[in-house]
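*Asks:* One structure coming up, written as structure tokens, with questions to follow.
The values are calculated or read from the model by the stated rules, or taken from the named source; none is laboratory data. Quick caveat: nothing in here was measured; it's all calculated off a predicted structure. Cβ placement follows ideal geometry from the backbone for every residue including glycine, while neighbour counts extend to all protein chains displayed.
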Amino acid sequence: METIYAIIHNNVIVNTIIADPVWILNNYADTAIRIDHMDPRPGVGWTAQDTAWIPPVYDNHLKPPSITPAVVPANTTLTLAQFRARFTLAEMVAIDNFAVNDSLSTEQKATLNTITKNFDTAGSIDLSADLTQQSLDYIVACGLLELARATEILTP
């Protein structure tokens, strides 16, 4: 889910961005606050004062510039732990124990073995990579994961 954040410097909003909460946590944890739920929504130039936001004052009654928040691409690269955390316990058990699943053929088990080895040895998992998407498609085809869940897991 992407949300709108304000980047704060010296109690003044210096920029607004649309970003994934994980990306904000990794890049602006100490300087960003969520503003998409505020009414009125503060923007660039607004100042924090106690618990309120004060809009900027412009000389000569100039209209403030129209500013569109920058769109930050969603983070598509996850650690293996972050990737596994997207699965339910039941899904992990089904995938982790494919070798004892009698409904799978020897060929399917060999392919699943390669897929799980690829994931286990990867330094990170890129949700947008073709191989990641193909791997989850195969896991769905083997009946170990629902298509809707695979789509959800692959969504940044």
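Here's the yes/no breakdown for (1) in a helix (DSSP H, G or I); (2) under 25 Å from ASP20 (Cα atoms); (3) without any contact (Cβ under 8 Å) to a residue 12 or more places away in the chain:
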site: ALA74; (1), (2), (3): no, yes, no
site: ALA94; (1), (2), (3): yes, no, no
site: ASP102; (1), (2), (3): no, no, yes
site: THR111; (1), (2), (3): yes, no, no
site: THR116; (1), (2), (3): yes, no, no
site: GLN134; (1), (2), (3): yes, yes, yes
site: THR151; (1), (2), (3): yes, yes, yes
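*Asks:* Give the residues of segment 14-31 that are in contact (Cβ under 8 Å) with a residue 40 or more places away in the chain and in a strand (DSSP E or B), sorted by residue number. So that I can check it myself, show each step before the final result.
*Replies:* Narrowing segment 14-31 to residues in contact (Cβ under 8 Å) with a residue 40 or more places away in the chain: 15-20, 22-23, 26.
ASN15, THR16, ILE17, ILE18, ALA19 - these are the residues of segment 14-31 that are in contact (Cβ under 8 Å) with a residue 40 or more places away in the chain and in a strand (DSSP E or B).
*Asks:* Do we have any residue at all in segment 52-61 that's at pLDDT 85 or above, assigned to a helix (DSSP H, G or I) and of a type in the set (D, E, K, R)?
*Replies:* no
*Asks:* Does segment 6-35 hold any residues that are closer than 25 Å to ILE153 by Cβ and not aliphatic (A, V, I, L, M), and which are they?
*Replies:* ASP20, PRO21, TRP23, ASN26, ASN27, ARG34
*Asks:* Look through segment 121-156, keep the residues that are among the acidic types (Asp, Glu) and under 20 Å from ASN75 (Cα atoms), and return whichever of them is surrounded by the fewest Cβ atoms within 10 Å (Cβ to Cβ).
*Replies:* If we take residues in segment 121-156 being among the acidic types (Asp, Glu) and under 20 Å from ASN75 (Cα atoms), then ASP130 is surrounded by the fewest Cβ atoms within 10 Å (Cβ to Cβ).
*Asks:* Further question on the same structure: Restricting attention to segment 134-150, report how many residues are within 13 Å of ALA94 (Cβ to Cβ) and not aliphatic (A, V, I, L, M).
*Replies:* 4
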